[in-house]
Each structure stands twice: as C-alpha cells, then as structure tokens.
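Engineer: One structure follows; several queries about it will come next.
The values are calculated or read from the model by the stated rules, or taken from the named source; none is laboratory data. Note that this is a predicted model, so its numbers are computed, not measured. Glycine gets a Cβ as well: all are built from the backbone with ideal geometry, and neighbour counts include every protein chain shown.
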Amino acid sequence: MASSRGLQSTLIALAGVVGGLILFALFVLAIGRNPLEVVVTIFEGAFASSFAWQNTLLRSAPLILTGLAVAIPAQVGLVMIGGEGALALGGLAAAAAGLAASQAGAGPLTAITIACAAGMAAGALSNAAAGALRAWRGMNETIASLLISYIAIALFNHLVDGPMRDPASLNKPSTHPLPEATMLGNMPGTDLHWGLAIGVVAAVLAQLLVSRTTAGFAMRVAGGNLRAARLVGLPVSALLVAACALGGMCAGLAGAIEVLAVHGSANASLLGGFGYTGILVAFIARQQPLATVPVAVLLGGIAAAGSLLQRRLDLPDATTQVLQGLLFVSILACEAMHGRINWRLRPIALRGPQAAPTPEVPR
C-alpha cells in the first residue's frame, strides 16, 4: 500500500511537470518562437556546464529551505504560504544579531551561530503566529500566513529604509555590513557556499522527523483527520503550532544564509521571491521533505537560465517565471484530479478460469 501511494505521488508530480511544459510550449508558440529551441536553451543555462550547475545550485539552496517551510506544516494538513515574510524577518534578524555579536567580541563561529539562531527564531515566530490563529481562533491558515507575510515584508522595508539603515548605503538601502570573518565560506573544493549543504541536511532531518518519529506520526494523524486525532488524545493545537514554527525556522534560516553567504547585509535583494517559489517546490515534491531537494534543483535551474534566454533568444527574463507559473497551475490541476482517478491496479488471476458474473435477478 505504501509503495502504491508513493507511485501515485510520483505519477502526479510527473504529470504536473509534463502538463506545465506542454502549456509553456503553447505559450511560446503563441509569441512566435520555437518551443524546442527555448526548452533546449533553458536546459543549457541550467545544467549544460559546470558554470550553469554552479548557478543552479546556488539558487537551489534557499529553495530547499523555503520548500520545507510549506512541506512541514502540510503534514498536519495546513497550507502555509508565508515563507517570503519569514525569510525576510530571518535575514533581518540574522544581520542584526550577527553584527551585535561581532561588535561584542564574539568569535566568527559564535557570531555565525547566533545569527543563524536569530534568523530561525524570527522565522519561527512569524509562522507560529499564523498557526496559533488557526489552532485557537479557527482562522484560515493560508490567509493568515499570507497577511502576516505582507506585514513582515512591510516591517522589513521600514527597518531597512529607516532605523537600521547604513548611512553609507545610498542607492540601495541596507543594514550595516557584517564583518568579513562572520560570512559563511565556500565548501572545500567548490564555489558553492555552505547553505546548500545546510539545506540538504535540513531536508534529511525533516524527512526523518516526519517518517521515523512518534511526533511525525502524530503530525500525520492530525493531518489526516483532526477530529480523530483529538479523539485519541493527541495535542492537536500544539502540533499545528509546532509544525508551523518548524517550517518558519527553515524559511528564517534561508534568510540568514542569504545574508551570511551572499549579501553580507539585509537589503531588498532578500525579497527575490524564494518564499513564493518554495510553495511550488513543496507542491511538486508532494509535500515530502526529502523530495524538495531535487525539485529545488530543477526550479533553481529554470531560474538560472533566464539570463541565457535574454542573451541568446532576446526573450525577457520573466519567461522563466511564466514557466514556473504554468507548472504551478498544472500541479494544482493534477492535485484536483487526485482521488477522482482509480490509480489502483486490479489483481490478475494466475490460476483457474475467471468466475462467471452473477446474473441479475429481476425484482
């Protein structure tokens, strides 16, 4: 039964990706371009060289974590889409905490740890607030997380443009830069920062939590039927809030890593849509934490190919965003069909003749 469910999940994800590619091909035809040429160019920009792979994996690192921000709450049946706001607050908290720790004389490793912890805490609080509104006030978690994300982004912009702004940042407002010693370096022998390894480890740990622990089993029971979970004595409200907090921690960690490994400060570049793309990552991965890794690589490659489309085919960089949007629409359509199609294979009799159908007796 478990293998059958896994096969169904894989088929749904593949059907969604194929359907999205077909819709994208129709879009490319509508604008008068060759779909095959565009798809081949996207592949070359994403995976055809070591430089392309480097760009792809660098873009994949935050997508793994923002995908987990959606996949973990989904285990308890919640659809959380506030990853962008949690990422922004996580990056802001990491920049402030890392700078404060460095100025207080903390060593580089201690400052990095404090910055990451602050980012995770800020992201956890952001998502946990939406989970609490769902658990104790009955508010729809999707709407709550989206509204809280908007508030978080507005707070981020206010603080970066105002009280926390570095006076030296003229054209691009940002916080004070972190010392060079507190920046995350690259993994040995590569040009990839440690954020990619942290994301993969987080996905593995999340998968173990969901599938191999008592808490994960309780989360899946609550996600299957809240009323049944309450009847067997599970702390449903605590499970909802904890799952949201864990997802927010992942998104906040993504923001912290972007500050510590890429930007060196909190600025508008953090708001690059990683939180929104993470929703698509989680849906294509069928809410399985470990599956977010290859899906994040796929979508990171699509995003990395945008510049090559501009240079070679004179297409706007937003073409890749159209592809991502069509993939999302296709995945949602396949999700809607799930349960309406009988995926189970009927057993085949190996011995003896088939039983004759029972004749219908007239009434």
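Engineer: Is it the case that the range 91-103 has a residue that's touching a Gly at 6+ places or on another chain (Cβ under 7 Å) and surrounded by fewer than 23 Cβ atoms within 10 Å (Cβ to Cβ)?
Structural biologist: no
Engineer: Could you list all residues from the range 180-237 that are basic (Lys, Arg) and either farther than 24 Å from LEU65 by Cα or part of a loop (DSSP other than H, G, I, E, B) (or both)? Give the derivation first.
Structural biologist: Let us first name the residues in the range 180-237 that are basic (Lys, Arg), namely 212, 220, 227, 230.
Those that are basic (Lys, Arg) and either farther than 24 Å from LEU65 by Cα or part of a loop (DSSP other than H, G, I, E, B) (or both): ARG227, ARG230.
Engineer: Are there any pairs, at least 6 apart or on different chains, whose C-beta atoms fall under 9 Å, with the first in the range 44-65 and surrounded by 21 or more Cβ atoms within 10 Å (Cβ to Cβ) and the second of a type in the set (Lys, Arg), and if so, which?
Structural biologist: GLY45/ARG312
Engineer: Tell me which helices (runs of 4 or more DSSP H) are completely within the range 46-145 and hold 3 or more residues being touching a Lys or Arg at 6+ places or on another chain (Cβ under 9 Å), or say none if there are none.
Structural biologist: Helices (runs of 4 or more DSSP H) meeting the threshold: none at all.
Engineer: Looking at the range 158-207 only, could you name the residues that are aliphatic (A, V, I, L, M), surrounded by 13 or more Cβ atoms within 10 Å (Cβ to Cβ) and more than 26 Å from the chain's Cα centre (by Cα)?
Structural biologist: MET164, LEU178
Engineer: Could you give every pair whose Cβ atoms fall below 6 Å, whose first residue belongs to the range 296-323 and is on the phi < 0 side of the Ramachandran plot, and whose second residue is basic (Lys, Arg) and part of a helix (DSSP H, G or I), counting only separations of at least 6 or pairs across chains?
Structural biologist: Going by the 6 Å Cβ cut-off, the qualifying pairs are GLY300/ARG59; ALA303/ARG59; ALA304/ARG59.
Engineer: If a residue has to be assigned to a helix (DSSP H, G or I) and either buried (at least 21 other Cβ atoms within 10 Å of the Cβ) or not hydrophobic (A, V, I, L, M, F, W, C) (or both) to count, how many in the range 310-332 make the cut?
Structural biologist: 12
Engineer: Given the residues GLN324, GLN288, GLN310, which is the only one that is in contact with a Pro (Cβ under 8 Å, 6 or more places away or on another chain) and either of a type in the set (S, T, N, Q) or farther than 30 Å from ASN34 by Cβ (or both)?
Structural biologist: GLN310
Engineer: Do we find a residue being modelled with pLDDT of 95 or more and aliphatic (A, V, I, L, M) anywhere in the range 296-303?
Structural biologist: yes
Engineer: State whether the residues of the range 266-274 include one that is under 12 Å from the mean Cα position of the chain (by Cα), at negative phi and assigned to a helix (DSSP H, G or I).
Structural biologist: Looking for residues that are under 12 Å from the mean Cα position of the chain (by Cα), at negative phi and assigned to a helix (DSSP H, G or I), one finds at least one in the range 266-274, hence yes.
Engineer: May I ask you to verify whether ALA245 is touching a residue at least 24 places away in the same chain (Cβ under 8 Å), under 30 Å from HIS193 (Cβ atoms) and either outside any helix (DSSP H, G or I) or within 15 Å of the chain's Cα centre (by Cα) (or both)?
Structural biologist: So ALA245 passes the test.
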